[in-house]
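Data block below; observations after.
Each reported figure results from applying straightforward, stated rules to the coordinates on display, with no laboratory input. This one's a predicted model, so the numbers in the text were calculated from it and none came from an experiment. Don't worry about glycine lacking a Cβ; one is built from the backbone with ideal geometry, like all the others, and counts go over all protein chains shown.
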Amino acid sequence: MANKNLVNVDINPCKMCMPMGGVMAFKGIENSMVILHGSQGCSTYIRRHMATHYNEPVDIASSALTEQGTVYGGAENLKKGLKNMIKLYNPSTIGVMTTCLAETIGEDINRIVGEFYEEERENSKNLKIITVPTPGYGGTEAEGYYVALRKIVEQICEKTERNNSVNIICANLNPGDVRNIKSILKQFNINYILLPDVSNTLDSPHNEKYRRIPVGGTTINDIKKMAGAVATIEMGVTVEDEKSPGDYLRQSFGVPLYKCGIPIGIRNTTKFISILSKLSSKDISEELDYERGRYLDAMIDNHKYTGKARAIIYGQPELALALAKVCFENGVNVKLIALGAKNKILEEALKEEIKSQREEVLVLDDTDFDTIEKYAKEFNVNLFIGNSDGRRMASRLGIEIIRVGFPIHDRVGAQRQIITGYNGSAFLIDSISNAMIKITESKFRKDAFNNYYLESVEKMKADNMKEEKTCTHPCFGDNAHKFARMHIPVAPKCNISCNYCSRRYDCVNESRPGVTSEVLEPEAALSKFKFVKSKLPNLTVVGIAGPGDALANFDKVKETFRLIRKEDTEITFCLSTNGLMLPFYANEIVDLGVSHVTVTINAVDKKIGGKIYREVNYLGKRYTGEEGAQILLTNQLTGIKYLCSKGVVCKVNIVMLKGINDEHIKEVVKKVKECGVYMTNIMQMIPVKGSAFEDLPTVTNKELNKMRKECEIDIKQMYHCRQCRADAIGTLSEDRSIEFRNIGCSSCTSTSCRSLSEKEDKTVYKFAVSSRTGINVDEHFGHATQFYIYTYSEGKVRFLEKRNAEKYCNGEDECYEDGERISKIVKVVSDCSAVLALRAGLEPKRKLKEKGIEVIEMYETINNGVKMAAEKLLKNNVVVSD
């Protein structure tokens, strides 16, 4: 994996410059001062970081290189700075460190210091000046710290007699931790030389009189004696040999070297104490045993919390290594160990341990906070362990941070913090556990609700909403007479061909369900919706049911729903489809807020389906017979099962085809019930001229209702279906689409709509139409309880009014030839030129003919039927009587 999001560019670096670490090393030397050979900004930057972390005044001198010194050399600046510093501070040791600028222009600080000794012999008699190359681009504060220590040892140590002291090369720790380590050393009553010792210099007691250089630190004499020590313990597992002061002492003076990690956690602390016990030949004290026992008890106390942590550790390599080990010991799920420094030793040191972790652990060196933040999101971490430079990232992500290491700017007391030894390790794991408890306390109620109640609450809400929307849906609910629906015809294309359907007649007035008087664009559909809504206060549902298949025109359907939803957030969306493309669009249907979907499924057996569907056009290829039927069925069942799982109320329409699927319908009902369907609608086939099944006998109402009753045992049945057109508007019992469509058929291309000749005069014909739907001429004259009165003149059809009439036929095989009733009906239509009806008896025809009113039998849409009737009257030269 990439160490950074950008090559050779740090975004919010996870490191500080090399001179920073060098200054920290020198601050642990007695009566020492530091001067940086470079621009003033370098020393200011370091002072600011150290002062806010340690809450102590931190003095760092600068040679203040300017443009002139950069071009001609800065030797004079450095010498002048040394003189001023000696005069002001009177140090016994001075660290001269380079910066980026000094190294770039090739300043030879060894030569300059040598010249200074010659020129200032009197003032530098008892002064030790140590030179350290620390260009900012040479490494981070981690390398700077150990390089400075190495240079201090190299330039001060000299061959000496063996002594019984032990060298302790301390990692870059806070004064509190250094004091804690010194207390451990004290228990072994061992002579030791601690390098560096910042226990007092960076956390000094309050003094009445200000001291420019605090008391404390490792003395120069002690550093000289390090060459004769019995051993060196170096907290520097991640330090390369060429930067290691312990390795220099071993190579140059034969001092045995023991490398160990910072004593944090059970293993590192025990190892450090064991080495001390071995070198001092003393047993581990009872007090340290008690501390170890208390730490083990703390591990037990904390394990149920630390195991919940998913952590990222970042910072200096040596500290990051120790933190990783203590986290592994305590069950913390470490997801990322991130270093600003370039260091491959750490990953190798943890190689075996990482393998045993329950999840993969990523180790990145030379990285930045931008990259760390990316992985924090990806790994779903809940804890950062590192310095406060990560606080902005933690705040953005809402993640807890355990502040350890350097720098800590946003908390007081960092210099006194203790995380070393058994006691400090207990504090550290307590902090991790407390962070986990804080997370739990802040969101456990929400988590409990989300985990145990939210689903049921959401389901309850969805069920209530579903029930409410279903109650106000004319097709799905039991209040069909109360609520109106609006079918919007925006989907003309179809992707399957059924044998009971014919797509040859594309006239907008084609007289059967699935056709329309107009095909609208989404914008026009919105305009029409607004108008209809203003006229129908009981409008609750907008549906798209063709005139083709909604999902074969899904772009138009989607845009229509989107526009209407913007206009009305409460209206119920309904969609009707053959289901072929349901698996492709089911998610989007849910996202659009479509709450009710009707799918026509006529068979769940491919053999039967092969007889019903002539062809299936699927993904650009045509399939026929059983192959096409199987593809359709698979997609239908997959789609409705998914929609039902998402809370969409699904209805299945089944066309009952005599001798084809009439014995199979119960299987269809049972199968769709398994998928979660709410109800089924078993329908009569309407014979369509030109279709393969145009001569197929239709089932009787008695057969249809018998089948519905038998299937009602398994699932709710619909009895009130009116097999609506694609542009139906109003309640199921009163279709008012005529009021909302253009009079005539301006977009029609049917010859029947264009057959009236130009010879039409201004004669006005009036027609009485027997219609149960208000759309088609589809009712027997004897069954009519009302007549729709239309006029025809100059090629235009206009709706005039509705007239009530007394029904004279009882609806059975025989109608009562009641002369008085027939006379009343004749009187209702006496001013009309003709009556248009599906059928009419002989007696009504005779009575109407006596009044000069012709009966024209047909099954057509009203508009088309009126035009055809007018054409017939014109051909017969029928004259209208006033």
Original post:
When Met707, Met18 are ordered from fewest to most other Cβ atoms inside 10 Å of their Cβ, what list results?
Top reply: Met707, Met18
Original post:
Lys/Arg Cβ at +1, Asp/Glu Cβ at -1, dipole of segment 476-730 taken about the Cα centre: which of Leu526, Met486, Ala629 is farthest positive-ward?
Top reply: Met486
Subject >> Bins of 10 Å from zero: percent of alpha-carbon pairs in the chain >> reply: 2, 10, 15, 13, 9, 6, 6, 8, 9, 8, 6, 4, 2, 1, 0
**OP:** Give me the number: length gained by fully extending Glu734 to Lys186, i.e. 0.36 nm times residue separation minus the C-alpha to C-alpha distance, one decimal in nm.
**Re:** 187.2 nm
Subject >> FRET efficiency estimate (nearest 0.05) - Cβ-Cβ, Glu455 to Lys351, R0 56 angstrom >> reply: 0.80
Original post:
If you find the alpha carbon centre of segment 174-233 and of segment 670-736, how far apart are they in angstrom?
Top reply: 94 Å
Original post:
Where does segment 31-187 land on Rg(C-alpha)/(2.2 N^0.38 Å)?
Top reply: 1.13
Subject >> Derived scalar couplings ³J(HN,Hα) [segment 156-172; Karplus, 6.51 cos²θ - 1.76 cosθ + 1.60; whole Hz; x for Gly, Pro] >> reply: 10, 4, 9, 4, 8, 5, 5, 10, 9, 8, 10, 7, 10, 8, 7, 5, 6
Original post:
Which translational diffusion coefficient, to the nearest whole µm²/s, is obtained for segment 287-441 from the Stokes-Einstein equation, given a Kirkwood hydrodynamic radius over C-alpha pairs, 25 °C and 0.890 mPa s?
Top reply: 156 µm²/s
**OP:** Given a cut-off of 31 Å, name the pairs among Lys325/Lys446; Lys530/Lys709; Lys469/Lys493; Lys530/Lys670 whose C-alpha atoms lie farther apart than that in the structure shown.
**Re:** Lys325/Lys446; Lys530/Lys709; Lys530/Lys670
Original post:
How fast does segment 1-114 diffuse by Stokes-Einstein, in µm²/s, taking the Kirkwood radius from C-alpha pairs at 10 °C and 1.306 mPa s?
Top reply: 104 µm²/s
Original post:
Net charge near Ala61, counting Lys/Arg +1 and Asp/Glu -1 over other residues with Cβ under 12 Å of its Cβ?
Top reply: +4
Subject >> Part-to-part distance (alpha-carbon centres) for segment 84-123 and segment 398-453, which is given in Å >> reply: 45 Å
Subject >> Cross-link pairs beyond the 27 Å C-alpha cut-off, checked among Lys224/Lys342; Lys482/Lys807; Lys611/Lys689 >> reply: Lys224/Lys342
Original post:
Glu626 to Lys702: extension gain in nm, 0.36 nm per residue of separation minus the Cα-Cα distance?
Top reply: 24.3 nm
Original post:
Exposure proxy check: Met460, Met226, Met436 ranked by fewest other beta carbons within 10 Å?
Top reply: Met460, Met436, Met226
**OP:** Using Cα positions and a limit of under 12 Å, work out the aspartates and glutamates in reach of Lys335, with same-chain residues fewer than 8 apart set aside.
**Re:** Glu359, Glu360, Glu378
Original post:
Among 182-194, 671-683, 136-148, how do they line up from the highest to the lowest mean number of other beta-carbon atoms within 10 Å?
Top reply: 136-148, 671-683, 182-194
Subject >> Spin-label pair Asp714/Asn538, simplified geometry with 7 Å Cα→Cβ offset, distance in nm >> reply: 3.4 nm
Subject >> Cβ-derived FRET efficiency at R0 51 Å, Ser823 paired with Ala524, nearest 0.05 >> reply: 0.60
Subject >> Dipole in debye (nearest 20) - the chain, about Cα centre, beta carbon charges: Lys, Arg +1; Asp, Glu -1 >> reply: 1440 debye
Original post:
Rounded, prolate or oblate: which one fits segment 476-730, using the alpha carbon gyration tensor with axes a ≥ b ≥ c (rounded when a/c is under 1.5, else prolate when a/b beats b/c, else oblate)?
Top reply: rounded
**OP:** At 0.36 nm per residue, minus the direct Cα-Cα distance, what do Phe427 and Asp59 gain on full extension? Give it in nm, one decimal, please.
**Re:** 129.3 nm
**OP:** Go through 549-555, 360-366, 766-772, 23-29 and give me the packing order, highest mean Cβ count within 10 Å leading.
**Re:** 23-29, 766-772, 549-555, 360-366
**OP:** Run through the DSSP bridge list for the chain and note the antiparallel percent, rounded to the nearest 5.
**Re:** 25 percent
Original post:
Which of the peptides 325-336, 40-51 is most tightly packed, and how do the rest follow, judged by the mean count of other Cβ atoms within 10 Å per residue?
Top reply: 325-336, 40-51
Original post:
Short version: ³J(HN,Hα) in whole Hz for each residue of segment 605-610, in order, from phi by Karplus 6.51 cos²θ - 1.76 cosθ + 1.60 (θ = phi - 60°), x for Gly and Pro, what are they?
Top reply: 10, 4, 5, 5, x, x
Original post:
Helix-derived [θ] at 222 nm for the chain: sum -39500 (n - 2.57) over DSSP H runs of at least 4, divide by residue count, nearest 500?
Top reply: -12500 deg cm²/dmol
Subject >> Per-residue Cβ neighbour rank within 10 angstrom, fewest leading, Ser285, Ser388 >> reply: Ser285, Ser388
Original post:
Once a ≥ b ≥ c are taken as the square roots of the eigenvalues of the Cα gyration tensor of segment 758-875, is the result rounded (a/c under 1.5), prolate (a/b larger than b/c) or oblate (a/b not larger than b/c)?
Top reply: prolate
Original post:
FRET efficiency for Lys87 and His206, Cβ-Cβ distance as r, R0 = 25 Å, nearest 0.05?
Top reply: 0.35
